[in-house]
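What follows is a short report on a single structure.
The values are calculated or read from the model by the stated rules, or taken from the named source; none is laboratory data. Note that this is a predicted model, so its numbers are computed, not measured. Glycine gets a Cβ as well: all are built from the backbone with ideal geometry, and neighbour counts include every protein chain shown. These accessible areas exclude ligands, DNA and RNA; they are computed on the full protein's heavy atoms, side chains included. Shrake-Rupley method; radii C 1.70, N 1.55, O 1.52, S 1.80 Å.
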Amino acid sequence: MSAHTWSGLSFEQIEEKYPKELEAYHNDRANFIMPNGESIVQFNERVNKTIERIVEENNSSRLILITHGDVIQSAVAGILHIPPQYQTRIIIPTGSATQISYFKGWSVLVYTGIIEY
């Protein structure tokens with residue numbers, strides 16, 4: 001999958017080059033599809049199917065997944081049933097750790113935050 005059109009651009013560059021698209025994004029974050037991208041709803045479906053598959057294939061195992069903050073945000077929104085239009089309010093700091101425990105039929109957010117050593 002190629003990077004979406006906004007990838008690597010600053011907010012100011014997006015405002016300048018894509019004002020109509022940015023307005024559409026602000027009006028419907030959950031369903032807006034970035035040029036050459038996917039909506040938050042589509043992204044969440046892809047992330048959650050992948051997590052479900054990994055959990056099923058590794059039943060009764062402890063797994064550590066290292067991934068991008070957006071994937072973690074999607075997973076947290078999924079287990080807490082946060083609607084996609086609000087999930088961008090979940091802040092996943094760079095270098096943070098998030099623990100989600102998945103069980104048969106349910107899951108729980110155990111921890112999220114920065115770990116300092």
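Report the longest stretch of the chain that contains none of the trypsin sites (Lys or Arg not before Pro) sitting in a DSSP loop with at most 12 other Cβ atoms within 10 Å.
Values: sites that count: Arg62, Lys104.
Here the longest segment lacking exposed loop sites spans 1-61.
What whole-number value in cubic angstrom gives the convex hull volume per residue for the C-alpha atoms of the chain?
Working: hull volume 14.5 nm³, N = 117.
Spread over its residues, the Cα hull of the chain gives 124 Å³ apiece.
Per residue, how many Å² of accessible area does the chain show with a 1.4 Å probe? Write down the numbers at each step before the final one.
Details: 8650 Å² over 117 residues.
With all protein chains present, the chain gives 74 Å² per residue.
Roll a 1.4 angstrom probe over the protein heavy atoms and tell me the percent of accessible area of the chain that is carbon or sulfur.
52
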